[in-house]
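Notes to accompany the following structure.
All of the numbers you see were taken from the coordinates with simple rules; none came from a lab. All values reported here derive from a predicted model rather than from experimental measurement. Cβ placement follows ideal geometry from the backbone for every residue including glycine, while neighbour counts extend to all protein chains displayed.
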Amino acid sequence: MALRSTKALCQERFTHSGHRQAPRAVARRTAHKSTSRGHACCKAWDGDEAFAGWQNALDGWAMADHPQQQHVEQQPLQKRKKQQPDPVDALRRVLEVVSSGQLDPLLEFCPDEVIDKLLALRKETGSTEQVHFEDIVRASSDGEGTPFLDTYSLRNLVMAAPRSVQLLSAMHISPEKYLQRCAIVAPSGEECVLTFSAALQEVQECQYRGPPLLSKKWMLQGVTGECNSDELPSHPSPSFPPEAVVEAQLAALRCASCCCHRQQQPGSVAYST
């Protein structure tokens, strides 16, 4: 009996079994690769083994025709993305440094314009000493540097580490701006609310035997404080910030001045007596 071609055999097998016929291009490859195998090729196409062998052949030839597709399919489905900096982690690191009592690591989170302005002032005076965080605080307090710490933050972060910190709220006001409000209790008993402002900036990172790399990092733009209550103090307490106490005293003086002014007006009881 004459040996039928592989193309005719495949079409007959898959037509009777209900499967879709093989493409012509693939059938030509099958006939070309299998004519030298004789009857051994015919024995391979029986039942389920025929369908499985045909599927494997299709997969192999498709990969051979498209090597780039094979390389892509071997890669993970999700490419590893570069981890984006997180402002929450940056501010958590700031509070950890403050709690440790070592303030110089805070220079890592100071804005470039603050350090550059301090270096420019030192260059004018001819000083070449190393910059410390206390120098930035001193220059900011004297009005020479860029103020990014107010009296609340100086007392409760720089002069003494806070006794407790509680997160009140956090918000992204823009993709590169972040605000975080925390309730602070100082060792002296003072209670206040500090607002941390952070900004995403490009910084240079040194690498071994290579030029500096540009990367983005969350930098501390400023820390401002306020009283934890809208009402002015009415009695002495160590929990009231000094700013709130002074404001309450000024309000009392204004109230007393108004009372005295009303009493001195013509027609009043105090004026007539």
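Placing pseudo-labels 7 Å out from each Cα toward the beta carbon at LEU213 and LEU250 gives an inter-label distance of 5.1 nm. Here the residues ARG163, ARG155, ranked from fewest to most Cβ neighbours within 10 Å of their Cβ, fall in the order ARG163, ARG155. Exposure proxy shown here: for THR151, THR125, the number of other Cβ atoms within 10 Å sets the order, fewest to most, as THR125, THR151. Rounded, prolate or oblate: pick one for segment 87-228, where a ≥ b ≥ c are the square roots of the eigenvalues of its C-alpha gyration tensor, a/c under 1.5 means rounded, and failing that, prolate if a/b is larger than b/c, else oblate. Because a/c hits 1.5 or more and a/b fails to exceed b/c, segment 87-228 counts as oblate. Remark: GLU190, GLU231, GLU108 ranked as GLU231, GLU108, GLU190, counting other beta-carbon atoms within 10 Å and listing the fewest first.
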